[in-house]
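Coordinate-derived values only; no laboratory data. Being a predicted model, the structure only gives us computed values, none of them experimental. We place every Cβ from the backbone using ideal geometry, glycine too, and count neighbours over all the protein chains shown.
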Amino acid sequence: MKRTMTCIECPKGCTLEIEADGARVISVSGHQCRRGDKYARQETEAPMRTLTTSVLTRGLELKMLPVRTSRPIPKDKLFEAMDAIKRLTVTSPVKAGAVVATDFLGLGVDLVACRPLEKL
Ligand code: SF4
């Protein structure tokens, strides 16, 4: 199976052509550097995403706290992650970068606050 994708690793935006057998990459062409090859293989074999979203709060100055995962997580875990986040509520003041949930979903990444929030 052949597919094309645009490399997003730098502003050049090379068009990558990937030949794959299911999720196993056979060859990559169109890249102008090794980052493009790595990006194509990662996106085909095990795509990852940094999840950015918001968590409900109680007793804090805003009703929602923007959060993100400390590192990218497998793309196929995003829906499970959103379900888990819906069940979270932050009730204590936080600083930007504070860990809201450790080892989120057992993936070895933390969920961290993107901004500070004070009490009401
Ligand atoms: S392949 Fe290399 S040069 Fe091309 S967009 Fe990706 S990072 Fe940039």
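Counting pairwise Cα distances across the range 81-120, what percent come out greater than 11 angstrom? Write out the running numbers ahead of the final one.
On the way: 514 of 780 pairs.
Tail fraction, whole percent: 66.
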Check your understanding: In whole Hz, what ³J(HN,Hα) sequence does the range 75-82 give by Karplus (6.51, -1.76, 1.60; θ = phi - 60°), x for Gly and Pro?
Key -> 4, 6, 9, 5, 5, 4, 5, 5
Revision key, fill the gap. Amide H contacts under 5 Å for residue 48, restricted to residues at least 5 apart in sequence or on another chain and with H modeled in the peptide plane, are 75
Review point. Percent relative contact order of the range 52-113, based on C-alpha pairs within less than 8 angstrom and at least six residues apart?
Key: 37
Exercise for review: Find, to one decimal place in angstroms, the Kirkwood hydrodynamic radius of the range 52-113, where the mean of 1/r is taken over every pair of different Cα atoms and then inverted.
Suggested key: 11.7
Review point. What is the spin-label model distance, in nm, from residue 23 to residue 3 if the labels are put 7 Å beyond Cα along the C-beta direction?
Key: 1.2
Check your understanding: residue 61 to residue 34: FRET efficiency via 1/(1 + (r/R0)^6), r the Cβ-Cβ distance, R0 30 Å, to the nearest 0.05?
Key -> 0.05
Point to revise | For the range 18-87 and the range 94-110, distance of Cα centres in Å | key: 16
Point to revise | For residue 60, distant residues with modelled amide H under 5 Å away | key: 120
